[in-house]
Amino acid sequence: MAYVPLADRDHEMEMHHPKTWIGKWVFCQDHKVIAIQYGSIAIFTGLVGLILSLLFRMQLGFPEAADFIDPSFYYQAVTMHGMIMVIYLLTALFLGGFGNYLIPLMCGARDMVFPFMNMLSVWVFLVSVIILMASFFVTGGPTGGGWTLYPPQTTLAGTPGHDMGIVLMLISLAVFIVATTMGGLNYVVTVLQYRCRGLTMMRLPLSVWGIFVATILALFAFPALLVAAIMMLFDILLGTSFFMPALIESGAPLDHNGGSPILFQHLFWFFGHPEVYIVALPAFGLVSDVLSVHARKNIFGYRMMVWAIIAIGGLSFIVWAHHMYVSGMHPYFGFFFATTTLIIAVPTALKVYNWVLTLWEGDIRLNAPMYFAIGFIFTFIHGGLTGLFLGNVVIDLPLSDTYFVVAHFHMVMGVSPVLVVFAAIYHWYPKMSGRMYHEGMAKLHFWCTFLGTYAIYLPMHYLGFVGVPRRYYALGTTDFLPPSAQDLNTTITIAALFVGASQLLFLINIIWSLRNGPKADPNPWGAASLEWQTPDTPPVHGNWGESLPTVYRWAYDYSVPGAHEDFIPQNTPESEEPTVDEQHFDPDTDESMADV
Amino acid sequence: MSEATASHEGITGLVDDWSADKQAYHVPWGKAMMWIFLVSDTFIFSCFLVGYLNVRMTTTEPWPPQSEIFALSFGGDPIPLILIAIMTFILITSSGTMALAVNYGYRKDKVRTFWLICATAAFGASFVGMQAFEWTKLIVDEGVRPWGNPFGAPQFGSVFFMVTGFHGLHVSAGVIYLLWVAFRVKRGYYDNKGFEIVEIAGLYWHFVDLVWVFIFAFFYLL
Ligand code: HEM
Ligand SMILES: [Cu+2]
């Protein structure tokens, strides 16, 4: 049987529209509903993570006022905060939330290729969150070993949650990996095989590229975490010694010997570093689109941006040991990993230049999403620069495990992606809900978040330089720490409480506008990409009405000379509007244009 | 199809293929999905094997003599690795029957396809059965446990049960999957949809075999 592409079989594939309430909203196979379910669960979990951070910040800033926080709880809060933010908030939100919502719409598809598995994915994700939350209620509480879960420390008596907490954490991670795999296979194959007519890969919006490559990273990086989790579960439950060397506890030797704690670190970071990019690449993609739309200019260097995403994705698998410089390694290995780490800075810097050049001479509209997108450029440059410090072995050794590290990774993978999350939610909110949010409130939310997070993390760099160690319950009295370190800690805590509280502006805004916001135009920003061209707003099940769209150009035709408006939707034929689509330049004869 | 993507050769041509209209290559989505899943699964097994090699290096006790432990005697002298040899042979044979099933599937010969898939599943089930036998022998007769054994490094048992167990789960899942496909073939479910599903199931099955070859080499021979 000759193979017919999915997009050409549209007429013969019938969609089953659910009739019941449960089929529509609970066990729904529509990618848009699944996206919102994924997003809501992730944001709810993220709020738990946020509250935990405020609690342990209280302990650091106002130790007397917070004496309900004992050292054990402090560590548990830090650990759960880190894990929740990285995995259950950002990974789930970018891949499960934005991936689900945007991929089929931007690819001109009716849904994911395998909607049933997509639905399973979100429910399995919910199970993993429930297991994670359950660990707050078991004896011993959740694990307090730090989000890196290094053995043997995590599994030994003395670490809070060494009994049930760590077991639930590992099971929850394994379940989460199953969920991401089911979703991830869908995203990748939908991008590869379910694009509408005329939509070549090199015409895809960068959002799709970012999520696509990040999903591939997830599919190849999470296995290492899964294996590490299985081995550690065996160590705990069956008494094996994968990660456990011979140990003496309270004077008595333990029943373990011959294992390798360093093996865990390798497995963890073989997952852990790509994980950074699983969060960052979708953010890169989404922010590119937001910048281009609100600057009314095509994204600068589209091809370069795509190749940079791919290059970063590939390189991210060969840098992991830069997290392990202090674990000790052969100098040649240190040299290798420092070099690869610094090489990643090249494509990353390219992207930053291109964002800035996209703004250059643009017709910039300072809408709320644009505020957040421009804020992202600042925080990302900032966090990226400190990364160059930490990538070098000799500089990392004294800075490792200080607040400098905390400041670095928060700027680069905490604040930056979160700013993009807000940019993207505000940007696509009119399409998702059919209503406009409150612009003034969104801008206020931006200033509180942007300035507030700077007030939190900028001083942390300084604390790190003077040597304040990370993961300490209290500073105590030491010779090398000036008393002002504690004052700075107090200031940071005040800023953190402020930032935490100001997120209410966001929640109130999006929940209130859901019913009371003014009706949104189908394409309020004048965006060219496909998701804004749906016949209904919000799009209905099946997305495209009678027939699938056909694409004639890339997603960035803004301010084209001679066009009727300052943007040309992707599905406008060449005959109706001029094209400057890069694909119409012959790369062999017109080198300069093709690359820029 | 845009003009610029049609004609190039070499690297540019490769890039064009990947960025081509609507889809890269003429592959049904189910098959593409299976391939990507298998690459992901390859990472899992690679991590297991790397972990195994690593603990084999770090453990402080001598590694047990595998060929003696895995020997089996049929009345006479014990023959080293004989059971594993039979298991490997069975699994490779099952890959053959699977390949035939795919072939008959594309020829729409439903009866032969059905029986060949069933034969593959039967081989798979007997593989799992022998594995259960081997585990019982190790646990009951030789006293090997995940946390220790009388022969030396405790990691021997840990890795053995973990890796072969994980692979055994794959085979068991494969048997169920194959039977499910077989019955749908018989019921005529794929008459209109096409028989690609047989090939997709086959991909999974060949992968499980291939992994076994690596486990066999790393675990029993090394
Ligand atoms: C209001 C927002 C936030 C505040 C005030 C905050 C504050 C902190 C502080 C003080 C630590 C502990 C440092 C230590 O003692 O080692 C920490 C740890 C951490 N945070 Fe955040 N954070 C926030 C948001 C985020 C976000 C959005 C992410 C997502 C990437 C994140 C990821 C982490 C990670 C991975 C750790 C390390 C946990 C560990 O040491 O095990 N944080 N955070
Ligand atoms: Cu890293």
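The values are calculated or read from the model by the stated rules, or taken from the named source; none is laboratory data. This structure is a prediction, so every number in the text was calculated from the model and none was measured. In this analysis, Cβ positions are derived from the backbone assuming ideal geometry, glycine residues included, and neighbour counts consider all displayed protein chains.
Key figures
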{"quantity": "Qualifying residue in segment A:448-470 (condition: more than 14 Å from every other protein chain (Cβ to nearest Cβ), within 16 Å of ligand 1 (Cβ to nearest atom), surrounded by 15 or more Cβ atoms within 10 Å (Cβ to Cβ) and among the charged types (D, E, K, R))", "calculated": "yes"}
{"quantity": "Answer from A:Ala283, A:Ala311 - the residue that is among the small types (Gly, Ala, Ser), modelled with pLDDT of 95 or more, surrounded by 16 or more Cβ atoms within 10 Å (Cβ to Cβ) and within 16 Å of ligand 1 (Cβ to nearest atom)", "calculated": "A:Ala283"}
{"quantity": "Matching option when the condition is more than 16 Å from ligand 2 (Cβ to nearest atom) and at pLDDT below 95, among A:Ala252, A:Ala229", "calculated": "A:Ala252"}
{"quantity": "Single condition A:Val189 does not satisfy, out of (1) at the interface with chain B (Cβ under 9 Å from one of its Cβ atoms); (2) surrounded by fewer than 24 Cβ atoms within 10 Å (Cβ to Cβ); (3) β-branched (Val, Ile, Thr)", "calculated": "(2)"}
{"quantity": "Single residue of A:Ile262, A:Ile278 found to be more than 7 Å from every other protein chain (Cβ to nearest Cβ) and surrounded by fewer than 24 Cβ atoms within 10 Å (Cβ to Cβ)", "calculated": "A:Ile262"}
{"quantity": "Checklist (1) among the β-branched types (Val, Ile, Thr); (2) free of Cβ contacts under 8 Å to residues at least 12 places away in the same chain; (3) within 16 Å of ligand 2 (Cβ to nearest atom) applied to A:Ile87, failing item", "calculated": "(2)"}
{"quantity": "Matching residues, segment A:245-277, being within 30 Å of A:Met85 (Cα to Cα) and either in a loop (DSSP other than H, G, I, E, B) or away from ligand 1 (no atom under 16 Å from the Cβ) (or both)", "calculated": "A:Ser260, A:Pro261, A:Ile262, A:Leu263, A:His266, A:Leu267, A:Phe270"}
{"quantity": "Criterion (within 16 Å of ligand 2 (Cβ to nearest atom), small (Gly, Ala, Ser) and away from chain B (no Cβ under 14 Å)) met by exactly one of A:Gly301, A:Gly285, A:Gly334", "calculated": "A:Gly334"}
{"quantity": "Only one of A:Val279, A:Val290, A:Val306 that is of a type outside the set (D, E, K, R) and within 14 Å of ligand 2 (Cβ to nearest atom)", "calculated": "A:Val279"}
{"quantity": "Number of positions in segment B:136-166 that are more than 13 Å from chain A (Cβ to nearest Cβ) and either under 19 Å from B:Ala217 (Cβ atoms) or crowded, with 21+ Cβ neighbours inside 10 Å (or both)", "calculated": "1"}
{"quantity": "Residue in segment A:166-184 that is under 20 Å from A:Ile310 (Cβ atoms), of a type in the set (Ser, Thr, Tyr), within 10 Å of chain B (Cβ to nearest Cβ) and over 15 Å from the mean Cα position of the chain (by Cα) present", "calculated": "no"}
{"quantity": "Selection from segment B:25-59 of residues that are in contact with a Pro (Cβ under 9 Å, 6 or more places away or on another chain) and surrounded by fewer than 17 Cβ atoms within 10 Å (Cβ to Cβ)", "calculated": "B:His26, B:Thr42, B:Ser46"}
{"quantity": "From the options A:Leu350, A:Leu342, residue that is more than 14 Å from chain B (Cβ to nearest Cβ), within 13 Å of ligand 2 (Cβ to nearest atom) and within 24 Å of the chain's Cα centre (by Cα)", "calculated": "A:Leu342"}
{"quantity": "Counted residues, segment A:471-508 - those being near ligand 1 (Cβ under 9 Å from one of its atoms) and either at positive phi or touching an Asp or Glu at 6+ places or on another chain (Cβ under 7 Å) (or both)", "calculated": "1"}
{"quantity": "Only listed residue being without any contact (Cβ under 8 Å) to a residue 40 or more places away in the chain and buried (at least 21 other Cβ atoms within 10 Å of the Cβ), chosen from A:Phe380, A:Phe422", "calculated": "A:Phe380"}
{"quantity": "Matching option when the condition is more than 20 Å from the chain's Cα centre (by Cα), away from ligand 1 (no atom under 16 Å from the Cβ), buried (at least 20 other Cβ atoms within 10 Å of the Cβ) and of a type in the set (A, V, I, L, M), among A:Ala77, A:Ala35, A:Ala109, A:Ala65", "calculated": "A:Ala109"}
{"quantity": "Any hit, segment A:238-248, residues being away from every other protein chain (no Cβ under 11 Å), buried (at least 19 other Cβ atoms within 10 Å of the Cβ), in contact with a helix residue (DSSP H, G or I) (Cβ under 6 Å, 6 or more places away or on another chain) and among the hydroxyl-bearing types (Ser, Thr, Tyr)", "calculated": "no"}
{"quantity": "Residue tally, condition touching a helix residue (DSSP H, G or I) at 6+ places or on another chain (Cβ under 6 Å) and more than 30 Å from A:Leu6 (Cα to Cα), over segment B:27-50", "calculated": "5"}
{"quantity": "Test: residue in segment A:46-55 that is surrounded by 24 or more Cβ atoms within 10 Å (Cβ to Cβ) and modelled with pLDDT of 95 or more", "calculated": "no"}
{"quantity": "Selected residue [in a helix (DSSP H, G or I), among the hydroxyl-bearing types (Ser, Thr, Tyr) and within 25 Å of B:Asp191 (Cα to Cα)] from B:Thr93, B:Thr88, B:Thr120", "calculated": "B:Thr120"}
{"quantity": "Filtered residues of segment A:168-218 (kept if hydroxyl-bearing (Ser, Thr, Tyr), under 16 Å from A:Leu105 (Cβ atoms) and outside any helix (DSSP H, G or I))", "calculated": "A:Tyr194"}
{"quantity": "Residue list for segment A:200-226, filter: within 9 Å of chain B (Cβ to nearest Cβ) and β-branched (Val, Ile, Thr)", "calculated": "A:Thr200, A:Ile216"}
{"quantity": "For A:Phe234: the one exception among (1) in contact (Cβ under 8 Å) with a residue 24 or more places away in the chain; (2) out of contact with any Cys (no Cβ under 7 Å at 6 or more places or on another chain); (3) in a helix (DSSP H, G or I)", "calculated": "(1)"}
{"quantity": "Filter result (touching a residue at least 12 places away in the same chain (Cβ under 8 Å) and outside any helix (DSSP H, G or I)) within segment A:460-491", "calculated": "A:Gly467, A:Val468, A:Pro469, A:Arg470, A:Arg471, A:Tyr473, A:Ala474, A:Leu475, A:Phe480, A:Leu481, A:Pro482"}
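Okay, residues lined up against (1) within 15 Å of ligand 1 (Cβ to nearest atom); (2) under 21 Å from A:Met85 (Cβ atoms); (3) within 14 Å of chain B (Cβ to nearest Cβ):
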position	(1), (2), (3)
A:Asp363	no, no, no
A:Asn367	no, no, no
A:Phe372	yes, yes, no
A:Phe378	no, yes, no
A:Leu385	no, no, no
A:Leu397	no, no, no
A:Phe404	yes, yes, no
A:His408	yes, yes, no
A:Val412	yes, yes, no
